[in-house]
Amino acid sequence: MHFRKPFALILLAVCALLLTTGCRDSRRIPMVDGHPRITIIVGGLEKVIYLPAMLTERLGGFARNGVDVKLIGQQSGSSAELALLTGEAQGVVGFYDHTIDLQAKDQCLRTVVQFADVPGEVEMVSKAAAESVTSPADFRGRKLGVTSLGSSTDFLTQALAGQAGLGTADYSTVNAGAGQTFIAALNHGGIDAGMTTDPTVAQLVRSGEGKVLLDMRTEAGTRAALGGLYPASSLYMRCDMVDAHPDIVQRLATAFVQTLQWIRTHSAEEIAAVMPAQYASGGKDLYVQSLRDSIGMFNADGLMKPEGAQNVLTILGKYSRSVRPARDRIDLSRTYTNEFARRALTNPQ
């Protein structure tokens, strides 16, 4: 999920909301048929990087663990963070790095299940620019697509360029969206290269309209691009929610860990058969290929690797305008916990 809109705007919105309606207590959980109802915002339900969210629902994992979950697909980072801050949602399936970014802004979010140790993102280059753009060093003077301005893809693009000695003034950042809007931008000269995920990557590779420049769906590709692991897709929640309702958090963690283990033991074809049919709108074979190319990114235990968390802070501390001045006071132990995933592994329900 791509949640890096200017946080000042979010705070202004929160202040305005508090003045008019008051803030809903995120620790108060509604009940549905005797089960707690949890609303989780997902940054693109159809994106493979967030596969565990819908797959858990389709496998009956939430119901099996005694929790009623409402999944909401959401592309806007500012509205997702606002939903968490105001208690409209209790969880977000998004990038772990937001917990660090928000701590730098004096907000406490905590990852409770880590789905992957790598971003799952791919830097694609257009067919027209493939011969001249062969590394981030060639970004100078280019139009680079991101999901939205201020998003995580925007930040990762800055990190890639920064490690090649370039700054944001050396290239143009273009809001290219995702899916068909991204494909159209790449095909019609709107961007020379850009960052996206499967199934868009699989579609571009199959059509020959795009070429993989940097592949962060694998550990090797991520280490080469970012100097180490970069844990991304995760379930994170407000710290006060985690502290107030550890029993509910445990039910969610157990459901997700069960799904991660299921992914590890099933094929791309078997996973595709469970997912909603509309997710394969580009064709079943293409969707299966996108799953096959990306499902290796998911771990099978839901645990955060300390090495990965530290590398995220190191990179944010170099390239993030908000984290850089606050990096020395960031407490990583507040940004994630392995408590719930470990318990799910030792006491499966």
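Values as computed for the structure displayed
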| read-out | value |
| --- | --- |
| Debye intensity ratio in log₁₀ form over the Cα atoms of the stretch 57-207, taken at each q of 0.10, 0.15, 0.18, 0.21 Å⁻¹ | -0.44, -0.89, -1.14, -1.35 |
| Cα-based shape type of the stretch 159-235, given that a ≥ b ≥ c are square roots of the gyration tensor eigenvalues and the cut on a/c is 1.5 | oblate |
| Residue exposure sequence - E57, E339, E46 - by fewest surrounding Cβ within 10 Å | E339, E57, E46 |
| Residues whose placed amide H lies under 5 Å from that of L214, excluding near-sequence neighbours | E123 |
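None of the figures in this text is laboratory data; all of them are computed from the coordinates on show. Keep in mind that this is a model prediction, so the values were computed, not measured. Neighbour counts are summed over all protein chains in view; Cβ atoms, including those assigned to glycine, are modelled from backbone coordinates with ideal geometry.
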